[in-house]
Each structure stands twice: as structure tokens, then as C-alpha cells.
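*Asks:* This is the structure I want to talk about, given as C-alpha cells.
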Amino acid sequence: MRIQIGVGDLAMFVHRRGDIDDRSEEQATAREGIATQRAYQQRQKLEMPSYDAEVRVARDFAYETIDLRVSGRIDGVAILDELHEKRLVIEEIKTTRKNPNSIPLCDRSVHEAQVRLYAGMFEHEETVDCVETRLTYVHPDTNATTTVETEESIEELDSYFEATARNYCEWLHDVCTRIEGRNASAAKQMFPFETYNESQLPLARAGYVSLRDETNLLFEAPTGTGKTIAATFPAVKAIGEGDLDRVVYATARTTGQRAAASAFSLLQKANADLIHVTVSAKERVCLTPGAACRPDECEYAKGHYDRVRDATKMLLRKGSVDRAAIDAIAKTKKVCPFELSLDVAEWSDAVICDYNYVFDPLVQLSRLQSRLFKRVGLLVDEAHRLTERVRDMLSCAFDLEVFDEAVAQVDDPSLARLLQPIQNSFTQNFEALLASPGEIAVDEFDSDLKTAVDRLFDADAVRLLTAAAHDAVNACLFELMRLRTIHAIRDDNPAKFVWLLNRSESSRTLTLRCLLPDAWIRETTASYHGSIRFSGTMSPGELFNEEHGLTGPIKQVELTPDKRRLSVFVVPNISTYWSDRAQTAPALAQLITQIQHAAKGSWLIAFPSFAYLELVAAQLAESNDVLVQKTQMNLEEREEFLSRLALDERTLAFVVMGGVFTESIDIEQSALEGVVVVSPGLPPQSLERERLKALSPFGYEIAYRRPAMTRVVQAAGRVVRSETDRGVVVLIDPRYTRSEFTRYFPSHWAPQIVKSADLVPELQAFQKSVRH
Ligand code: SF4
């Protein structure tokens, strides 16, 4: 196997030592670094006529089945013919504003290794007496230099290169041996159940073809039909057939991650060499919450790089790497669990992670595509959430009062100087555009703002943010960093972004909002070797493809509706239009009470807003057993709410669509008889939605109807969560009979239109049919 690697990466992999230190990165920008380095090289040339800059080198190394080629460019080479000896000088230049004596070991160890490797790779025809390696740090503002010189023999440097290359090859050889075993088992991998159900087979087939042919499949199948295993199985088959090197499974929430990990563990039973890892957010896995990632604040940061290779090896041997496994090894080996999970992910076959690590330009993991794992398949679970999540990733907001307070806290004068033009831009332009309370949307806010933000991040002051240690300042800097990133993405598609200015009596908010992230989703997905986006709520598929900027195949499982399993009733004679709500609230409350008395079990009653929920709740007799969702519920209150729903018979749980009880919680099935969805709940008009509506022929659907109907189908989806579940969905509003709305219904629904007066007998008939 032929593997290529740059000197920097090789040095980093084999020789990095020391602590994690969030102050350790280089301070100079790439642009500054190049300019400073060139100027320094010119000065060296004047001093040493034999000095050559940017000398390309490459050296091969063979080990077992691995042919390694190491390549790079030496910053400076000179042969000095001195009085008693001929000396070869190999120089590595680093541009930094740091005091060279305080560069942490995690960086210094890599720099030193780089220059020694270069010296071991340089081929020279002249006979030299010794080799001098020079590691030179240059300050980009003052051009002050500090050089560390070391003298070694050619033989020593040659052995150093060989030992380094061997170390890397031994690691690669172990990985390649495992991959061979993995591929052989994956080629023979069988579906881990005796049979496929009617949605699993089409998903597995279409999914395999998509990953093999590098297309972007969109797949809809009902909740509880085993989509997770039906999506992961073809990915492992594609690995076995040599079409893929690894798969990334992106989820919208942690419950999805657990399901994915279980599916890969199931496949692993027949393939011991298959390794999967779940990467969780840093805040979730951190063992020293609240501390900075530095040796003086976190014991796991101290000496992390000295031990992380061993820890990585231990985890890779486990094969199934979840949070508990990472936690245990991180504690035993005293390494940072988050960094450890990323290192393990780099060498794993299946990486399970949040959407962030794939789509967020600020945190996406570049290591997911690597030397041995080039062709990476992408699985996107709950893909109906993708547009909204990516839209948020490409948006940022500033509360100007909070921003002003943060700037006032900045102690460092140079950082304060750089923030000042940004603060001025925010304040002056905001005042000019929106002087009194209200909200406006504009295409441009201030053309000079981008330059001011670029200057901030090009400068040394950003390094001081860690020293500044004010949370408020850090939060603002992070949001400015997001603004800078979004600016760059927006340049390609300015029409898909909008500035929103909102002013009340006491606050001013400035938001740069992405309207449609289709181009970014397309660009990100293009770096993968095919994808499967799947969910129970992806009708109509064409619309989701439009939102995702993708043109791949669409597959929707046409399940035969089974009314004994799921009965869907539409009650059109109670209008829930906003203007009718007060008038129809008594009739609605009466119908809900009848449902409660007629049908055994508990019901989720989903409303489009808290105001509507409270209006109807107020109509119910006090004797009714009603749980009501509150606007801000903490974890304990939510658990209490769910346990009461599970324990109490005939409870009505009034909840809001799109909230925590209709989207992100699996309600214990035995607890729920059915779901009543009150109104399609179209979102109110807003400046943002109106802009989005004007963007494309599908604008109205993407801005209004699709998000509303996704919430409806999600809320309805709480009732039947597995193949053995039974339940009822009641949709209340005349719009549920119109094709513009019914086109969003999943294909396995067979809605029956009934008047409110006829609903109770229908429910009783359903219950009877379930009992028999
Ligand atoms: S354990 Fe927490 S504080 Fe320590 S290095 Fe890791 S993430 Fe940073």
C-alpha cells in the first residue's frame, strides 16, 4: 500500500509531546507568516550566498506492505564552507509573536522533529562534516529572531528519520491489518435479523446503491420500522465491497446517537474488526467542567500528548467506543476525553456524531477524511431537521447592549482597540437604520464591518482572549468568529442571507441570518462519497431536496396503511384559523373531553402556541386530569411531566408543537392512546420568512407550510414508535382536507374525514378492533 504524508503531519503524529494548551497555536496568520518568512529568507541569502529557500524534498521508506513517501519543503538550506569543516545547515522557520522561550512543548516538540526530519531527508552531493539544524522563530512585527541550533551527524539524522517513519508505519500496518479483516467480514456481512421488514429492504438496497455510486439518497419510512439498522447495514456492506473506507453517521440529537451505536454494535457481532465511536460535544464529556484547556487548570490537559497514543490504542482495541468507554480510559490514562474521542474517530470505521461535526463550518471535523479513510459515506438521521439546524449554524446574533458591556470589560488595550471599530459599526449603523422600536431586514449592514472583523482575527489580540478570561468577552469573540466565517460563505450567495435589526425600548439585536443553507449543505455533502438522508417525515421529497440543494434519488416506502395499527382521523368542522380560535375554543374543549372519556388511555394534545393551549385549557372543567406544558421547564419538571403521563390513566397532556414533548422525547408507548393535533399551526408572518418566501418558487412552502407540517407529523409520530405499537391520530382543522396540506402526510397514513360528533364512535371502534 502506498501512503503519502507531509513532514509536519508525520512529526505531529510521532513526536508531539506535552500538554494541551489552548494558548498554544501559532499567533501569526498564514498571510503574515508567508511575508515574514520570505523577508527573513532574503536576509539569510544576503548573509549566506549558498542559502536556498523552499527546497523540496521527499524520501521513501518501506515497511512490510507499506510504501511510505514522506515529502515537504525545507525553509532554508545552506552549505557553509568554514575554515576547518564543511557544514550543512537545514533551517525551519516559524513566525510567532510569542516569546520563543515560552512556546509550549506540544508545539516545540513538533517543530524540533520537523527540522530533524528534513535534515534526515535532504540529499546532498557534497561531502559535509556535520549537519546543523536551525529552528528559527521570527516575530512578524519586529522581525526579531531567535534561533536554536543543534549539531548532529548525518548518521544520527538518518536513523532519526528511519525510526520516525518506522513508528508511523507500524501504526499504519496494524490499522491496515485490521482493515483487511474488517473488509473480509463486511463482504460476508448478513443482515442481523432473520428478515427485513417492508421498509428495511428498500432502504438497504437504495442506500447501498447510493453509497456505491456516490449519489445522495433521500429516504422516508415511518418511525419504528428499523431505519437505523437498514441504513447502517448497507454502509458496512459498501465498506466490504471496497466502495467506502468509512461511514459518518450524523444525528440531530443524542437519542439518535445511541440508536446508531446499538446498530453498529449489532453489526460488529459478525465483524469483530469493525470499530465505531461516538463523538460527543466537548462540554458533555469534559472531566473538568468550567476549566480552561491548560495544564494549570486541568489535570487531563497536563501531559495529554505523552499518553494519548496509548489511550487511543486501548480504545481502538475495544471496538465499540461510547462515552462510558472514553470516560474510563481518559481517567485511567489521564488524558482529555474529548481530544481522545477525536483521535479514536480518526482511525475508526464508523463515526457517530452530531450534525455540527459535519455541517458547522466552525467545528466540522476535517479528520473524518484522512489518508486511509478517503471515501467516506454520510448517513444523516432525522434529516427533516437538517435545514433548520444548518440555518442556525450559518447565522449569528448580537445583543448590542451585551456587546457594549463586554467591550467595557476588556482589560487589554490592543484587544479593546480592535473591538472599537466593530462596536462603532454596530452602534452607528444600527442607529442610522433603525432609530425607533421595530424590526427591519436589510441586505447590507455596513461594508466596513467585514474588514474590522478580519483585522481583529488577523491580529495578535485574539490570542489575548484566553488571557482576558471574561466569559462575556469570549462569547462575543466567538460570535464574531462565526460572523467572519459566515461572511466568507455569504460572499458566494448574498441573496440567501439577510441582516435583521430588532429594536425594543430596552434592547437592540443585530442578526445575520441565513435564509436557505442549500448551497452549504450541497458543498459539504459533496466532500462525502454519497449520502443517505432519512427520516419518518420527508414528504414531499422534492421539497427537501430543494432545501438541501441536492438532486439525489427519492425513495418513500409505500406501506399499506393498517388502520388497526394507526388510525388517522381528520375533523374538519372545527376551524382553528387564528381569527376563529376564541369562537371555536369551547367546541374544541368539548371534543377533547369526549375523547378523554370515550377512549381509554392518555392523550397528547398538541397546539401550535402556548397562547392557544392556554385558551383551550381554560375551557376545561377542573375535574379533568390535564397536564399542561409550561414555557420554561427544567429537566426535572419534564421528567415529572412524562412520568405522570405514564402513570395516570386518561390523562390529557397539553403540549406545544415543535417543543420538547413533540420532537425530542420518546414517550413511553404504553402511556399514550393517541395524539390530537390542533391546527396545522402555520408560523406567523415574519421579515425572515417573507424574504425566504421570495427566494424561490418553493419559497412559501419552505418558509411556512413545510416547517408547520413537519411539526404536525412529528407530533403525530409520538404515538406509534415501534412495530408493535397501536394508536390514533386526530387532526383538527378544515385545512387537513386540502391537498396543499395532505401532500405532507406520510404515505402510510390513510386519513378518514369525520365530523366531530362522529369521532367518539370511531375511536371506540378502533379500540375494539385493537382488543380483538
Ligand atoms: S478535560 Fe475538559 S478542560 Fe481538560 S482538556 Fe479536556 S476539555 Fe479541556
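The values are calculated or read from the model by the stated rules, or taken from the named source; none is laboratory data. Remember, it's a predicted structure, so these values are computed and weren't measured experimentally. We place every Cβ from the backbone using ideal geometry, glycine too, and count neighbours over all the protein chains shown. For accessibility, only protein heavy atoms count, side chains too; no ligands or nucleic acids. Shrake-Rupley method; radii C 1.70, N 1.55, O 1.52, S 1.80 Å.
*Asks:* Answer with yes or no whether VAL344 is within 16 Å of the ligand (Cβ to nearest atom), at pLDDT 95 or above and of a type in the set (Val, Ile, Thr).
*Replies:* Judged against the criteria, VAL344 is a match.
*Asks:* Something else: Go through the stretch 315-332 and count every residue that is open to solvent by 50 Å² or more (accessible area, probe 1.4 Å) and within 13 Å of the ligand (Cβ to nearest atom).
*Replies:* Residues in the stretch 315-332 being open to solvent by 50 Å² or more (accessible area, probe 1.4 Å) and within 13 Å of the ligand (Cβ to nearest atom): 1 in total.
*Asks:* Which condition from (1) away from the ligand (no atom under 16 Å from the Cβ); (2) open to solvent by less than 50 Å² (accessible area, probe 1.4 Å); (3) under 27 Å from CYS176 (Cα atoms) is the one that LEU362 breaks?
*Replies:* Among (1) away from the ligand (no atom under 16 Å from the Cβ); (2) open to solvent by less than 50 Å² (accessible area, probe 1.4 Å); (3) under 27 Å from CYS176 (Cα atoms), LEU362 violates only (3).
*Asks:* Hey, among LEU68, LEU80, LEU46, which residue is part of a strand (DSSP E or B) and either over 41 Å from the mean Cα position of the chain (by Cα) or not assigned by TED's automatic domain parsing to the domain that holds THR127 (or both)?
*Replies:* On inspection, the qualifying residue turns out to be LEU80.
*Asks:* Further question: So is LEU244 aliphatic (A, V, I, L, M) and within 16 Å of the ligand (Cβ to nearest atom) or not?
*Replies:* It is false that LEU244 is aliphatic (A, V, I, L, M) and within 16 Å of the ligand (Cβ to nearest atom).
*Asks:* Take the stretch 276-287 and flag every residue that is at pLDDT 95 or above and open to solvent by 30 Å² or more (accessible area, probe 1.4 Å).
*Replies:* Passing the criteria: CYS286, LEU287.
*Asks:* Do you know which of the residues in the stretch 723-750 that are closer than 19 Å to GLU762 by Cα and either part of a strand (DSSP E or B) or of a type in the set (Phe, Trp, Tyr) (or both) is most open to solvent (accessible area, probe 1.4 Å)?
*Replies:* TRP749
*Asks:* Would you mind finding the one in ALA28, ALA58 that is modelled with pLDDT of 95 or more and either in a strand (DSSP E or B) or open to solvent by less than 30 Å² (accessible area, probe 1.4 Å) (or both)?
*Replies:* ALA58
*Asks:* Would you tally the residues in the stretch 511-530 being touching a residue at least 60 places away in the same chain (Cβ under 8 Å), closer than 22 Å to CYS396 by Cβ and either touching a Cys at 6+ places or on another chain (Cβ under 9 Å) or open to solvent by 30 Å² or more (accessible area, probe 1.4 Å) (or both)?
*Replies:* Going through the stretch 511-530 one residue at a time, the tally reaches 4.
*Asks:* Taking LEU615 as meeting all but one of (1) part of a helix (DSSP H, G or I); (2) open to solvent by 20 Å² or more (accessible area, probe 1.4 Å); (3) out of contact with any Lys or Arg (no Cβ under 8 Å at 6 or more places or on another chain); (4) not aromatic (Phe, Trp, Tyr), write down the number of the exception.
*Replies:* The single condition LEU615 does not satisfy is (3).
*Asks:* State the number of residues belonging to the stretch 737-772 that are touching a helix residue (DSSP H, G or I) at 6+ places or on another chain (Cβ under 8 Å) and either free of Cβ contacts under 8 Å to residues at least 40 places away in the same chain or not assigned by TED's automatic domain parsing to the domain that holds THR710 (or both).
*Replies:* Result for the stretch 737-772: 2.
*Asks:* If we scan the stretch 331-348, do we find a residue that is touching a His at 6+ places or on another chain (Cβ under 9 Å) and within 30 Å of ALA206 (Cα to Cα)?
*Replies:* yes
*Asks:* On the given criteria, is LYS94 modelled with pLDDT under 95 and assigned to a strand (DSSP E or B)?
*Replies:* Taking the combined requirement at face value, the residue satisfies it.
*Asks:* Any residue at all in the stretch 178-200 that is closer than 30 Å to LEU88 by Cα, open to solvent by 40 Å² or more (accessible area, probe 1.4 Å) and not acidic (Asp, Glu)?
*Replies:* no
*Asks:* On the given criteria, is ARG178 outside any strand (DSSP E or B) and of a type in the set (Lys, Arg)?
*Replies:* Considered against the rule, which asks whether it is outside any strand (DSSP E or B) and of a type in the set (Lys, Arg), ARG178 comes out as yes.
*Asks:* Which residue is most open to solvent (accessible area, probe 1.4 Å), if the candidates are limited to the stretch 291-314 and must be near the ligand (Cβ under 8 Å from one of its atoms) and without any contact (Cβ under 8 Å) to a residue 12 or more places away in the chain?
*Replies:* GLU297
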